[in-house]
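The values are calculated or read from the model by the stated rules, or taken from the named source; none is laboratory data. Values in this document were obtained by computation on a predicted structure and should not be read as measured data. For neighbour counting, all protein chains shown are included, and Cβ atoms are generated from backbone atoms with ideal geometry for every residue, glycine included.
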Amino acid sequence: MTPREGARTIRFTFDGRELAVSPGTTVAGALLASDVRTWRRSRRSGAARGLFCGIGTCFDCLVDVNDEVAVRACV
Ligand code: FES
């Protein structure tokens with residue numbers, strides 16, 4: 001998904017990349033739309049993690065957003 005030209009967009013950076021997304025999109029949605037499939041590693045095994053349940057019941061999608069730590073990206 002690319003924000004429509006002329007439509008309002010929210011710009012943010014992720015790991016140094018500038019991204020844009022339509023308002024109302026979740027963080028996970030914004031990352032997936034930018035072809036980011038994983039954004040953290042599990043503590044024990046180091047396995048890649050990203051979107052899993054998509055409804056806020058697991059902890060796979062945690063991200064740090066500005067000063068907020070461990071935010072569920074899918075909600
Ligand atoms: S993907 Fe499971 S809580 Fe976000």
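Can you report the number of residues in segment 41-72 which are touching a Cys at 6+ places or on another chain (Cβ under 8 Å) and more than 6 Å from the ligand (Cβ to nearest atom)?
Counting residues in segment 41-72 that are touching a Cys at 6+ places or on another chain (Cβ under 8 Å) and more than 6 Å from the ligand (Cβ to nearest atom) gives 3.
For segment 38-67, enumerate the residues that are exposed (fewer than 11 other Cβ atoms within 10 Å of the Cβ) and closer than 13 Å to Val27 by Cα.
Those that are exposed (fewer than 11 other Cβ atoms within 10 Å of the Cβ) and closer than 13 Å to Val27 by Cα: Ile55, Asn66.
For segment 22-57, which positions are of a type in the set (Lys, Arg) and not in a loop (DSSP other than H, G, I, E, B)? Write out each step before concluding.
From segment 22-57, those of a type in the set (Lys, Arg) are 37, 40-41, 43-44, 49; that's our starting set.
Arg40, Arg41, Arg49 - these are the residues of segment 22-57 that are of a type in the set (Lys, Arg) and not in a loop (DSSP other than H, G, I, E, B).
So, Val75, is that one in contact with a Ser or Thr (Cβ under 7 Å, 6 or more places away or on another chain), of a type in the set (A, V, I, L, M) and part of a loop (DSSP other than H, G, I, E, B) or not? Give the derivation first.
Working: in contact with a Ser or Thr (Cβ under 7 Å, 6 or more places away or on another chain): yes; of a type in the set (A, V, I, L, M): yes; part of a loop (DSSP other than H, G, I, E, B): yes.
Yes: the conditions hold for Val75.
Has segment 22-35 got any residue that is at positive phi, modelled with pLDDT of 95 or more and surrounded by 13 or more Cβ atoms within 10 Å (Cβ to Cβ)?
no
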